[in-house]
Amino acid sequence: MTIRMMGRLAAGIAMIAMTAGAAKAAEQVEVLHWWTSGGEAAALNVLKENLQKEGVSWKDMPVAGGAGSAAMTALRARVTAGDPPTAVQLLGFDLRDWSEMGVAANLDDLAKKEGWDKVIPAALQAFSKYDGHWVAAPVNIHSTNWLWLNKAALDKAGGKAPTNMDELFALLDKFKAQGITALAHGGVPWQDGTLWEAVVLSVGGPDFYKKAVLDADPAALSSDTMKKVFDDMSKLRTYFDPNFSGREWNLSTALVIEGKAGAQEMGDWSKGEWLRAKKEPGKDFVCIRFPGTQGSVLFNADQFMMFDVGEKQRDAQLKMASAVENPAFQIAFNTVKGSVPARTDISDEKFDDCAKKGMKDLAEASSKGTLMGSLAHGYAQPAAVKEAMLDVITQHLNGQLTTEAALKRLPEAVAAAK
Ligand code: BGC
């Protein structure tokens with residue numbers, strides 16, 4: 001071969017490499033989500049990096065705001081413009097609403113090839129599928145009826161974890177006496193709802209939760225049990241700090257991490273913040289089921305719904321869905337996020353004690369029939385009913401409605417939203 005020929009060959013090889021590179025770079029997913037806190041972003045990075053290794057680049061569309069209500073507004077604008085993102089973080093009934101609009105992609109072939117039917121829990125599949133077809137890849141299972149305690153503050157208060165509302169109030173009094181904020185809470189509707197649903201479960205038990213929240217039964221919504229729930233909510237408010245209004249959940253978690261507050265009621269995404277701050281369960285913090293709710297699990301699962309974005313992005317989209325269900329990813333992501341795997345075939349070996357408890361509680365609740373959807377996080381009611389209920393809960397917590405008025409308004413608001 002002459003030098004000239006070798007030169008041409010080298011140029012040709014370079015050209016092929018460049019073309020391959022360009023083809024790879026063209027594979028991209030655009031992802032809309034609300035994972036903007038430190039712990040959430042760290043977990044999402046695991047997915048971004050895994051996809052990058054497969055030559056799929058990530059176009060990020062973060063919309064801050066827990067529980068995703070701001071994200072839903074952003075999504076509406078994109079879908080209306082006929083330009084949906086590739087994948088969107090969605091919860092429960094929202095998956096149904098979007099699928100109903102005919103904008104979902106179909107993941108049946110991939111799901112069949114990878115055997116999703118056998119490993120994704122039925123409670124999740126009920127939302128991952130629309131009209132019998134897979135439209136979403138479930139990422140995790142979170143649960144909302146948790147209480148996160150600063151271990152040093154708890155020890156100072158006698159070290160005993162509360163098991164019912166009375167013991168919780170007694171502990172909060174002790175935190176108050178220590179001169180710290182007793183209960184770190186952020187006053188926004190979804191957080192008010194997250195606290196409220198835990199109190200409903202604690203005060204009324206699982207059967208009452210089913211009637212009042214899952215069935216939105218008018219009699220349950222204005223019952224004496226519900227009166228106790230609202231009274232307890234008013235009492236809990238006396239343990240908040242004066243700056244609670246409008247505060248994001250992760251800033252409240254930070255108060256408990258720093259020992260400026262004793263406890264926070266929050267879903268287990270809050271553990272992601274503790275871990276990110278290099279804190280250890282059992283040593284720096286204690287995770288317990290919200291007092292009085294042991295034995296039941298209020299769940300919400302993040303799912304990436306895939307939108308119909310045409311053939312060009314199809315391959316990248318399927319790679320993303322497959323990456324999400326990959327067992328190694330399920331471990332790597334969920335150990336950082338604070339959630340537990342969305343698959344039933346993952347060992348708890350690599351998980352910390354809080355997650356081990358989460359997985360055990362989940363299995364137990366699922367077999368006992370006490371695994372129930374979270375209202376504030378979209379797994380109990382469609383968005384319209386959820387928003388109507390959250391409105392009443394928030395107005396009552398802020399003193400704009402008396403308990404008597406809230407008991408009257410709650411069933412009315414539900415009926416109007418249906
Ligand atoms: C999501 C979590 C998220 C939390 C706070 C919940 O609705 O399921 O993944 O961490 O909101 O942003």
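The values are calculated or read from the model by the stated rules, or taken from the named source; none is laboratory data. The structure presented is a predicted model; accordingly, all values stated were derived computationally and were not measured. Cβ sites come from the backbone with ideal geometry, for glycine too, and all protein chains shown count toward neighbours. Keep in mind that these areas ignore ligands, DNA and RNA; they rest on the heavy atoms of the full protein, side chains included. Shrake-Rupley method; radii C 1.70, N 1.55, O 1.52, S 1.80 Å.
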* To do: Scan the range 339-356 for residues that are open to solvent by 10 Å² or more (accessible area, probe 1.4 Å), polar (S, T, N, Q) and in contact (Cβ under 8 Å) with a residue 40 or more places away in the chain and jot them down.
  => THR344
* Asked: Restricting the first residue to the range 298-316 and requiring it to be over 18 Å from ASP97 (Cα atoms), which pairs with a second residue that is surrounded by 24 or more Cβ atoms within 10 Å (Cβ to Cβ) and among the basic types (Lys, Arg) meet a Cβ separation below 7 Å and a spacing of at least six or different chains?
  -> none
* **All positions within the range 364-378 that are open to solvent by 10 Å² or more (accessible area, probe 1.4 Å) and either within 16 Å of the ligand (Cβ to nearest atom) or not in a helix (DSSP H, G or I) (or both)** => GLY369, THR370, LEU371
* Hey, MET1 hits all of (1) under 20 Å from ILE141 (Cα atoms); (2) in a loop (DSSP other than H, G, I, E, B); (3) at pLDDT below 95 but one; which does it fall short on? -> (1)
* Asked: Do you know which residues across the range 276-313 are in contact with a Lys or Arg (Cβ under 9 Å, 6 or more places away or on another chain), within 16 Å of the ligand (Cβ to nearest atom) and either open to solvent by 10 Å² or more (accessible area, probe 1.4 Å) or at pLDDT below 95 (or both)?
  -> CYS287
* Taking into account only those residues within the range 240-275 that are open to solvent by 40 Å² or more (accessible area, probe 1.4 Å) and away from the ligand (no atom under 14 Å from the Cβ), which is farthest from GLY179 (Cα to Cα)? -> GLY246
* Just to be sure, is VAL336 in contact (Cβ under 8 Å) with a residue 40 or more places away in the chain and within 16 Å of the ligand (Cβ to nearest atom)? -> yes
* Positions within the range 223-274 being in a loop (DSSP other than H, G, I, E, B) and of a type in the set (D, E, K, R), in sequence order -> ASP241, ARG247, GLU248, GLU258, LYS260, ASP268
* Could you check how many residues of the range 35-60 are open to solvent by 20 Å² or more (accessible area, probe 1.4 Å) and away from the ligand (no atom under 15 Å from the Cβ)? => 10
* With respect to ALA71, determine if the residue is surrounded by 19 or more Cβ atoms within 10 Å (Cβ to Cβ) and in contact with a strand residue (DSSP E or B) (Cβ under 8 Å, 6 or more places away or on another chain). => yes
* Asked: Can ASP361 be described as closer than 30 Å to PRO382 by Cβ, assigned to a helix (DSSP H, G or I) and open to solvent by less than 30 Å² (accessible area, probe 1.4 Å)?
  -> yes
* Structure fact -> In the range 404-418, anything under 15 Å from ASP192 (Cβ atoms) and open to solvent by 10 Å² or more (accessible area, probe 1.4 Å) is listed as ARG409, ALA413
* Just one of the numbered conditions (1) away from the ligand (no atom under 16 Å from the Cβ); (2) without any contact (Cβ under 8 Å) to a residue 60 or more places away in the chain; (3) over 25 Å from ASP345 (Cβ atoms); (4) in the same structural domain as VAL46 (by TED's automatic domain parsing) is not true of GLY115; which one? -> (3)
* Asked: Within the range 120-149, how many residues turn out to be over 20 Å from ARG314 (Cα atoms) and either open to solvent by 20 Å² or more (accessible area, probe 1.4 Å) or within 16 Å of the ligand (Cβ to nearest atom) (or both)?
  -> 17
* To do: Check the range 75-89 and report whether any residue there is under 24 Å from HIS33 (Cα atoms), open to solvent by 40 Å² or more (accessible area, probe 1.4 Å) and either assigned by TED's automatic domain parsing to the domain that holds LEU236 or among the hydroxyl-bearing types (Ser, Thr, Tyr) (or both).
  => yes
* Selected residue (only one of LEU95, LEU172, LEU107 is of a type in the set (A, V, I, L, M), closer than 30 Å to ALA184 by Cα, touching a helix residue (DSSP H, G or I) at 6+ places or on another chain (Cβ under 9 Å) and surrounded by 14 or more Cβ atoms within 10 Å (Cβ to Cβ)) -> LEU172
* Asked: Out of all the residues in the range 178-201, which are polar (S, T, N, Q) and in contact with a Lys or Arg (Cβ under 9 Å, 6 or more places away or on another chain)?
  -> GLN178, THR181, GLN191
* To do: Return a yes/no flag: does the range 176-195 have any residue that is within 16 Å of the ligand (Cβ to nearest atom), open to solvent by less than 10 Å² (accessible area, probe 1.4 Å) and among the hydrophobic types (A, V, I, L, M, F, W, C).
  => yes
